Every structure is written in C-alpha cells, then in structure tokens.
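Only one structure is covered here, and it is reproduced in the block below.
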Amino acid sequence: MAYSAVMKQAIGAVRATLANQGIGMQDARFARHGAHEPDADAPLVLVACSGGRDSLALAAVAATVCAAWGVRCGAVVVDHRMQPGSADVAAQAARRCAALGLDPVVVRDVRVVDEHGEGGEAAARDARYAALVDEARRLGAAVVLLAHTKDDQAESVLIDLIRSGGLDAIAGMPAEQRIDGVCFARPLLGLARAETTRICEDLGLAWWDDPTNGDAFPADEELPARFPLRSRVRHTLLPYLSAFAGRDMATMLADGAALARRDVDLLERLTDDVFARSVRIEDDGRGLRASIDVRALAKEDAALRFRVVARTLALCAPGSGRRHVEAVEALISDWHGQRGVQLPRKRTANRQKHVIEVCEDVTHANRRHRG
C-alpha cells in the first residue's frame with residue numbers, strides 16, 4: 001500500500017530507533033515482497049499501548065516496521081484501575097493491537113499507591129513503568145517503545161519548570177533510557193499529536209480519549225484546577241504561550257529540549273566517573289546507605305558535586321528534593337561543623353571528618369529497636 005508522508009516519517013523514526021538498539025532486518029528473505037513470519041527467536045519489540053491515538057499510531061507503525069524486518073512485535077496494555085470502565089478500555093486497546101498483528105498482547109492490572117505523597121499522576125506513572133519492566137523481563141523484550149510525541153515533550157518541559165527547574169527540566173524526556181535494566185525508547189518525539197491523529201485516521205483506527213485530558217472543554221475556556229496538571233498545561237498553558245509568542249511553542253520547546261539533552265548526557269557521563277571515585281553504596285539490611293568521600297568530591301566543579309549528591313540521595317533517600325541536595329552539598333562546600341541533614345525515608349546525612357554518611361536516622365532506629 002502507498003503510505004502518507006506522515007506515515008513514512010513515523011516509519012523512518014521507528015526504524016532509526018530500532019537500529020540504535022542494534023535491531024535490523026533479520027534475514028535476506030524479508031527483503032522480498034510477500035508475507036513472512038518472524039522466527040521464534042527473533043528480537044521482541046514491545047509497544048506500551050493505552051488505546052489512545054498516540055500509542056495506537058505507534059503500535060501500527062511498529063507492527064509495519066517489525067513485519068518488514070522479521071522482528072517480533074507485541075504490546076503491553078496497563079490498566080491503572082483509576083477510572084470507571086478502565087477494564088473495558090484496556091480490553092479494547094488489546095483487541096485493536098491484536099488486530100494490527102501484534103503478538104503477544106498482554107493486559108496488566110496495576111495497583112496505584114501514592115507511597116511518597118507525590119500525587120496520583122506520579123504514582124500511576126511509577127506503577128505503569130514497574131509493570132512494563134516486569135513484562136519486558138518476563139517476555140525477554142529487546143526494547144519497549146513509548147508513544148510520547150513532540151507535544152508530550154513540550155508539556156513535560158513546562159511541567160518540570162513549574163515543579164523544579166534547572167537544566168534537566170529543560171532537557172525533557174530522553175529519546176532512550178534504561179529503567180531497572182530495561183531499555184525504553186521514544187521514537188515519536190519528532191512527531192506532533194496532530195500527526196499521530198492523522199495516522200490513526202488514515203488507517204481507520206478508532207482510539208480512546210482519556211476524559212481527564214479535558215477535551216470536552218472549549219479551547220478558549222481554562223481547564224479547572226481539579227484536572228491533572230499535565231492536562232491543564234496541554235489544554236490551557238501551551239496554547240496560550242503559542243498565541244502569545246505567535247509561533248508553535250510545542251516545537252520550540254521540544255527542539256530546545258533536544259539541544260539541552262546533549263548537554264545533560266555529557267554531564268551525566270562526567271557524573272558517572274566522579275560518582276564511581278567518590279561514593280560507596282552498600283545495603284545495610286534496612287536499605288541503601290552511602291559514604292561520600294568529601295576530599296575527592298570537594299575538588300570537583302559545583303555542577304558535578306550537585307549531581308553526585310543528587311544521585312546519591314535518589315538511591316539512599318528517595319523523595320529528596322533540591323533543598324535536601326543543597327543542604328548535603330553544603331556539608332562539602334560550606335563546612336563549619338553544622339548538624340546533619342534530615343532526609344526523607346527517615347534518613348540523615350552526617351559529616352564525620354572527611355566522610356559524609358547517608359544512612360538511617362539513629363533516632364528512628366533506636367525507637368524501632370526499643371519498640
């Protein structure tokens with residue numbers, strides 16, 4: 001069949017993403033026209049599909065690319081059970097993926113628990129990624145494809161600027177990342193949501209629109225605060241910025257994120273080296289604890305010190321924010337005998353001579369032992 005220009009663009013993006021993962025045409029027979037079944041031991045590509053327009057478009061494109069290359073292509077549908085009728089939505093998404101030729105198609109129910117008080121959106125995201133990691137490992141998938149678009153990237157940048165700021169916020173979502181040893185990739189970051197919509201329309205694919213997106217509200221009406229932040233950024237803030245600037249701010253923000261991501265990647269590689277030389281992580285039976293070599297880290301640039309400390313706290317005291325990182329970093333750069341830093345998860349950071357120990361708060365530990 002003849003593909004539209006946007007379908008060709010999406011196919012090229014998925015091909016490039018798979019090639020970056022070392023996945024290509026599996027055998028010369030797949031270069032010939034006709035139907036070919038992939039070998040049982042061919043690499044497996046999984047698509048995370050919600051049933052929305054973006055993920056259905058990605059499922060269709062991935063199925064096309066994988067069939068042409070002799071690569072197996074499956075899907076994982078995650079049901080968060082946070083809305084009435086979610087099981088029906090998940091089942092319908094699975095049927096549509098199967099109709100596109102994806103196999104296996106797995107539906108996973110997850111329990112969303114906001115353990116750290118970060119909100120329902122963050123808790124749902126964590127539960128979703130945990131389920132995707134679990135299925136990717138179980139099925140032996142080479143990569144999991146996520147359907148984030150250029151619009152999602154722009155929204156993520158704005159949300160991160162609202163919540164945190166800094167270079168990492170401007171860099172948005174990476175095109176590829178590893179989570180718990182599983183590779184995730186976002187091949188559609190160069191496509192707009194309007195283009196994934198067009199792919200679905202061209203292929204006759206019906207999609208599901210999440211009611212929390214606020215699509216039922218008029219475009220010129222501000223979305224109420226009861227809607228998720230991402231939905232309000234999508235419906236109200238980003239269109240306002242585009243109108244104010246007189247240009248497509250989704251493209252501007254996404255293009256800027258791609259440039260900033262290169263800088264972040266370089267900083268992360270430098271951080272890897274400094275972290276390996278200055279931090280020792282071990283499991284003490286109650287969680288991870290860290291020993292930071294103050295003399296080694298004090299020699300480094302402030303930007304690298306901040307990143308090393310942030311990475312350490314992310315491992316040993318999840319939920320730590322910027323103020324925690326800055327307070328621990330001050331134990332290195334502005335040491336004058338100050339007391340230890342209280343951290344989330346009943347952890348503290350204390351400096352003793354030339355070592356900072358990040359471990360369980362002794363006060364909490366004593367209470368637990370006395371109990």
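The values are calculated or read from the model by the stated rules, or taken from the named source; none is laboratory data. Worth saying up front: this structure is predicted, and the values here are computed from it rather than measured. When we count neighbours, we look across all protein chains shown, and the Cβ atoms used for this are built from the backbone with ideal geometry, even at glycine. Just so you know, the surface numbers come from the protein's heavy atoms only, side chains and all, with ligands and any DNA or RNA stripped out. Shrake-Rupley method; radii C 1.70, N 1.55, O 1.52, S 1.80 Å.
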Fluctuation leader among Asp215, Asp160, Asp54 - the chain, Gaussian network, Cα springs under 10 angstrom: Asp215
Acute angle (nearest 10 degrees) that the helix 249-278 long axis makes with the longest principal axis of the chain, alpha-carbon atoms: 40
Within the range 5-53, trypsin sites (Lys or Arg not before Pro) in DSSP loop having at most 16 other beta-carbon neighbours inside 10 Å: Arg32
Area of Tyr240 that stays accessible when all protein chains are in place (1.4 Å probe, Å², to 10): 130
(i) 19.9, 69; (ii) 23.2, 74; (iii) 20.7, 61, with the label sought being that of the calculated Rg and Dmax of the Cα atoms in Å: (ii)
Accessible-area value, Met25, 1.4 Å probe, nucleic acids and ligands omitted, Å²: 90
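Which order do His33, His354 take by accessible area at a 1.4 Å probe, largest first?
Values: His33 185, His354 80 Å².
The most accessible residue leads, giving His33, His354.
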Cα-based helix-to-principal-axis angle, 5-20 vs the chain, degrees rounded to 10: 50
Arg108 accessible area, assembled protein chains, probe 1.4 Å, Å²: 60
Test item: Cα-centred dipole of the range 181-256, Lys/Arg +1 and Asp/Glu -1 on Cβ, debye: 320
Between helix 86-99 and the chain: long-axis angle, C-alpha atoms, 0 to 90°, nearest 10: 50
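Rounded, prolate or oblate, given the Cα gyration tensor of the range 148-243, with a/c below 1.5 counting as rounded? Show your work: numbers first, answer last.
Values: a/c = 1.85, a/b = 1.09, b/c = 1.69.
Verdict is oblate for the range 148-243.
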Relative contact order of the chain, defined on C-alpha pairs under 8 angstrom at six or more residues apart (%): 13
Residue among Gly166, Gly74, Gly24 with the largest mean-square fluctuation in a Gaussian network model of the chain, springs linking Cα atoms under 10 Å: Gly166
